[in-house]
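Asker: Would you mind keeping the following structure in view while I ask a few things?
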Amino acid sequence: MIKLFEPLALRGVTLKNRIVVSPMCQYSAQDGFANDWHLVHLGSRAVGGAGLIIQEATAVSPEGRISPEDLGIWKDEHLPMLRRINEFITAQGSVPGIQLAHAGRKASTYALWRGEGTVPESEGGWPVVGPSDVPFAPNYPQPQALDAQGIQKVIADFRAAAQRCLAAGYRVIELHGAHGYLLHQFLSPLSNQRTDEYGGSFENRVRLLLEVVAATREVWPEELPLIVRISATDWTEGGWNADDAVQLAALLKTRGVDLIDCSTGGNVPKAPIPVGPGYQVPFAERIKQEAGIRTGAVGLITNPAEAEAILANGQADLVLLAREFLREPYFPLFAAHELGVEVPWPPQYERAKPRVHAVAGQR
């Protein structure tokens with residue numbers, strides 16, 4: 001059996017294969033509302049055969065957006081279009097998931113193609129918060145350190161968002177604890193300089209994430225999976241590191257988390273990251289082995305052979321692809337053909353399905 005196309009059961013949800021569309025910001029919303037772009041973007045990957053599709057970082061509050069163009073799920077009015085998208089994804093045999101996020105000190109910044117750094121309030125920006133009053137970079141907003149009331153609001157916002165996720169038809173939630181956003185900011189001693197119960201020791205710095213997980217699990221049904229994405233290292237001396245990540249993953253396993261999505265970086269500008277094919281896979285492998293929890297591998301996985309090798313070697317349980325899915329929305333269908341696995345194509349596309357006797361190189 002080719003591992004890439006083995007089903008995977010996570011609680012009461014079964015993925016038809018191990019190929020996941022990684023959350024990718026589209027910067028195409030207004031006031032948090034999804035639109036036809038998101039329907040076509042996410043829907044086409046479902047037509048393409050992905051087992052799980054995780055919607056881009058979706059803000060749990062207006063101030064939690066990365067940019068003014070981010071998706072949101074902080075009000076009930078957001079739900080009808082999200083529900084429509086999820087119904088389409090489900091109809092194609094894929095599982096709809098969502099990444100819930102709060103950008104913290106990296107909020108109120110420009111979409112990738114609009115500029116860099118802080119969006120001023122005159123252009124739709126807003127005041128930002130963080131664990132401490134330390135900005136991400138000189139051209140990023142100056143955050144206000146969250147007080148006790150502010151921390152409780154963050155937890156409540158995640159909890160309310162999880163309730164809306166259920167109403168919108170999502171079957172998997174991923175909490176965004178990576179890439180230098182708020183939950184990661186609390187984890188790392190480079191961004192968290194607090195002296196209260198949310199700062200200092202490892203136990204204090206992981207407290208907010210554990211409380212968000214608990215609040216989410218209170219309202220997220222027992223039969224539905226909960227994933228947490230973490231950055232397994234800051235790639236910077238004195239920051240969050242792989243030993244911390246293993247310790248955190250073991251704690252998350254006892255709190256009802258089913259899988260760790262293992263990324264890295266994002267909390268330090270211009271960190272020396274050794275980017276290359278599969279460069280983050282060893283973190284997924286170590287966390288899987290030492291914390292005893294399922295993991296997902298992500299980062300420059302671009303071809304079926306690479307993806308299959310990661311799973312066959314026991315380094316992870318899922319592979320998440322981002323940019324490769326932007327290049328090839330139907331990656332799973334062609335991966336199956338390349339690996340010699342028979343999978344159904346949408347009947348509307350059946351006439352284009354590659355056959356085993358096709359001339360090499362032709363599609």
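The values are calculated or read from the model by the stated rules, or taken from the named source; none is laboratory data. Values in this document were obtained by computation on a predicted structure and should not be read as measured data. Here Cβ is always computed from backbone atoms with ideal geometry, including for glycine, and neighbour counts include all displayed protein chains.
Asker: So which of 118, 109, 58 ends up being of a type outside the set (Gly, Ala, Ser), under 24 Å from residue 18 (Cα atoms) and at pLDDT 95 or above?
Answerer: 58
Asker: Related question: For residue 212, are the conditions met, namely being within 23 Å of residue 23 (Cβ to Cβ) and either in a helix (DSSP H, G or I) or in contact with a strand residue (DSSP E or B) (Cβ under 8 Å, 6 or more places away or on another chain) (or both)?
Answerer: When the stated conditions are applied, residue 212 passes them.
Asker: State the number of residues belonging to the stretch 174-207 that are aliphatic (A, V, I, L, M) and surrounded by fewer than 24 Cβ atoms within 10 Å (Cβ to Cβ).
Answerer: Qualifying residue count, the stretch 174-207: 2.
Asker: Write out, first by first residue and then by second, each pair whose Cβ atoms fall under 8 Å of each other, whose residues are 6+ apart or on separate chains, and whose first residue, in the stretch 192-212, is of a type in the set (Phe, Trp, Tyr) while the second is buried (at least 18 other Cβ atoms within 10 Å of the Cβ) and in a loop (DSSP other than H, G, I, E, B).
Answerer: 198/131; 198/192
Asker: When you scan the stretch 189-237, how many residues do you find that are more than 16 Å from residue 264 (Cβ to Cβ) and over 19 Å from the mean Cα position of the chain (by Cα)?
Answerer: 21
Asker: Then there's this: From the set of residues in the stretch 72-106 that are part of a loop (DSSP other than H, G, I, E, B) and either aliphatic (A, V, I, L, M) or at pLDDT below 95 (or both), which is nearest to residue 166 (Cα to Cα)?
Answerer: The selected residue is 73.
Asker: Is one or more of the residues making up the stretch 236-249 within 27 Å of residue 46 (Cα to Cα) and surrounded by fewer than 17 Cβ atoms within 10 Å (Cβ to Cβ)?
Answerer: no
Asker: May I ask you to say which residue of 167, 148 is touching a helix residue (DSSP H, G or I) at 6+ places or on another chain (Cβ under 9 Å), at pLDDT 95 or above and small (Gly, Ala, Ser)?
Answerer: None of the others qualify; the one that does is 167.
Asker: Related question: Taking strands (runs of 3 or more DSSP E) that fall entirely within the stretch 251-355, which contain at least 1 residues that are crowded, with 23+ Cβ neighbours inside 10 Å and among the charged types (D, E, K, R)?
Answerer: 259-263
Asker: Ok, one more. If you check 56, 116, 69, which single one turns out to be in a loop (DSSP other than H, G, I, E, B), crowded, with 16+ Cβ neighbours inside 10 Å and acidic (Asp, Glu)?
Answerer: 69
Asker: While we're here: Just for the stretch 238-262: of the residues that are over 20 Å from residue 192 (Cα atoms) and not aliphatic (A, V, I, L, M), which one is nearest to the chain's Cα centre (by Cα)?
Answerer: 261
Asker: Taking interchain pairs and intrachain pairs at least six residues apart, which have beta carbon atoms under 9 angstrom, with the first residue in the stretch 108-131 and of a type in the set (Val, Ile, Thr) and the second in a loop (DSSP other than H, G, I, E, B) and exposed (fewer than 12 other Cβ atoms within 10 Å of the Cβ)?
Answerer: Partner pairs satisfying both residue conditions: 109/116.
Asker: If you don't mind, another one. Restricting attention to the stretch 2-59, which residues are over 17 Å from the mean Cα position of the chain (by Cα) and on the phi > 0 side of the Ramachandran plot?
Answerer: Those that are over 17 Å from the mean Cα position of the chain (by Cα) and on the phi > 0 side of the Ramachandran plot: 11, 31, 32, 49.
Asker: Quick check on this structure: which one of 274, 354, 347 is more than 20 Å from the chain's Cα centre (by Cα) and under 29 Å from residue 140 (Cα atoms)?
Answerer: 274
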